[in-house]
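Engineer: Take this structure first; my questions come after.
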Amino acid sequence: MKKIIYTTLVLCSLIFVACDSEIDADATSVSDYEFISFEDDILNFELNQSGTSVRTITVYNSRKSSSDVTYYLEILPLEFNDGQGTTISSDYYNVPSSVTIPANSSSAQFDVTITDNGFGSGDRLVVGFADDNTALNPHPLRMDIVIVCPANELILDITFDNYAEETSWELYSDITTSPTLIASGGGYDDLDDQSIQQRLCIDDGDFGFVIYDAYGDGMCCSFGEGSYSLTVNGEVIRQGGSFGASEVTTFSLP
């Protein structure tokens, strides 16, 4: 009986050793795989308001090659990951179709260019590695757009009265020499009793802001409580709503 038990134990031990040997023989180290990645999964893309900005992105490879290696890029659509893809039109960004890592190197760079088209919070550009690449690439790059003003930021807040379509406005530069219209707004149909905000980035100079009411009774208070405010670099320089056909505000920067 003891011989039978001993023989069984020896046989089991041999089976386990054989299995272990087989696993070791077929095992593949993580270092045998090729991984590519962006410099980060999520980053902020600072975009000049009403302008164009460029950001350089770095790509890394886990293994160096004796020859150049090209990886293909793709823009992930809005539907990606249940609505977490790109929100901006291809008319306003430029991303190369591929990036090449030079021989004996583990990284390369490419430029992303975006032009502002009234983008705001929540807008993003999402780039991934195309499926036909040989390397493993699990994570795309999400660039969240952050609008910045490199000069003076002007914010116009308007709360309309019962007749929003009567309201319009204009902003002029060089008012002391040769007034030039640089921004305007109007045609606010279907915005009765609602609010909007307009952000502008302007250089130093002399400016004139004019707000109009087509009926000539201002924005307050016969037909609703409309109002507006003009803020420059965080300071409110004019606010109101009780005027006739128009109201003018002049200011200089700096």
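Only the coordinates and a few stated rules stand behind these numbers; no lab work does. Because the structure is predicted, anything quoted here is derived from the model rather than measured. When we count neighbours, we look across all protein chains shown, and the Cβ atoms used for this are built from the backbone with ideal geometry, even at glycine.
Engineer: Only helical DSSP H runs with n ≥ 4 go in: add -39500 (n - 2.57) per run for the chain, normalise by residue count and round the 222 nm mean residue ellipticity to 500 deg cm²/dmol.
Structural biologist: Details: 2 runs with 29 residues, N = 254.
Counting only the DSSP helices, I get -3500 deg cm²/dmol.
Engineer: About its Cα centre, how strong a charge dipole does segment 159-254 have in debye, to the nearest 20, once Lys and Arg get +1 and Asp and Glu get -1 at the Cβ?
Structural biologist: On the way: 2 positive and 17 negative charges, 63 e Å.
Roughly 300 debye for segment 159-254.
Engineer: Nearest 10 degrees is fine. How inclined is helix 2-26 to the longest principal axis of the chain, computing both from alpha carbons?
Structural biologist: The angle comes out near 50 degrees.
Engineer: Please report, in cubic angstrom per residue, the volume enclosed by the convex hull of the alpha-carbon atoms of segment 152-253. Could you put the intermediate results ahead of the total?
Structural biologist: Values: hull volume 8.7 nm³, N = 102.
Roughly 85 Å³ of hull volume per residue.
Engineer: With only Lys, Arg, Asp and Glu charged, each at its Cβ (+1 for the first two, -1 for the last two), find how big the charge dipole of segment 150-197 is about the Cα centre; round to the nearest 20 debye. Provide the component values of the computation, followed by the final result.
Structural biologist: On the way: 0 positive and 11 negative charges, 71 e Å.
Here the size comes out at about 340 debye.
Engineer: Work from the charge dipole of the chain (Cβ charges, +1 for Lys and Arg, -1 for Asp and Glu, about the Cα centre) and give the residue of S67, G187, N81 farthest towards its positive end.
Structural biologist: S67
Engineer: On to the next question. For the chain, build the charge dipole from Cβ charges (+1 Lys, Arg; -1 Asp, Glu) around the Cα centre, then report which of F243, V210, S106 sits farthest towards its positive end.
Structural biologist: S106
Engineer: Got a sec to turn the phi values of segment 182-190 into Karplus ³J(HN,Hα) couplings, 6.51 cos²θ - 1.76 cosθ + 1.60 with θ = phi - 60°, whole Hz, x for Gly and Pro?
Structural biologist: Couplings: 10, 6, 7, x, x, x, 8, 4, 6 Hz.
Engineer: Give the separation of the Cα centroids, segment 105-136 to segment 173-233, in Å.
Structural biologist: Computed from Cα coordinates, the inter-centre distance equals 37 Å.
Engineer: Net charge near Q109: determine it from the other residues with C-beta under 13 Å of the C-beta of Q109, scoring Lys and Arg +1 and Asp and Glu -1. Walk me through the numbers on the way to the answer.
Structural biologist: Numbers: positive: R55; negative: E39, D111.
Cβ neighbours under 13 Å give a net charge of -1.
Engineer: From the residues G51, T176, F223, which one has its Cα farthest along the dipole of the chain in the positive direction, the dipole being from +1 and -1 charges on Cβ of Lys/Arg and Asp/Glu about the Cα centre?
Structural biologist: Of the candidates, G51 comes out farthest on the positive side.
Engineer: If you don't mind, another one. Could you give me the radius of gyration and the Dmax of the chain, taking only the C-alpha atoms into account and expressing both in angstrom?
Structural biologist: 31.2, 115
Engineer: Additional query: Please get the size of the charge dipole for the chain, origin at its Cα centre, with Cβ charges of +1 on Lys and Arg and -1 on Asp and Glu, quoted in debye to the nearest 20. Walk me through the intermediate numbers first.
Structural biologist: On the way: 9 positive and 40 negative charges, 319 e Å.
That gives a dipole near 1540 debye.
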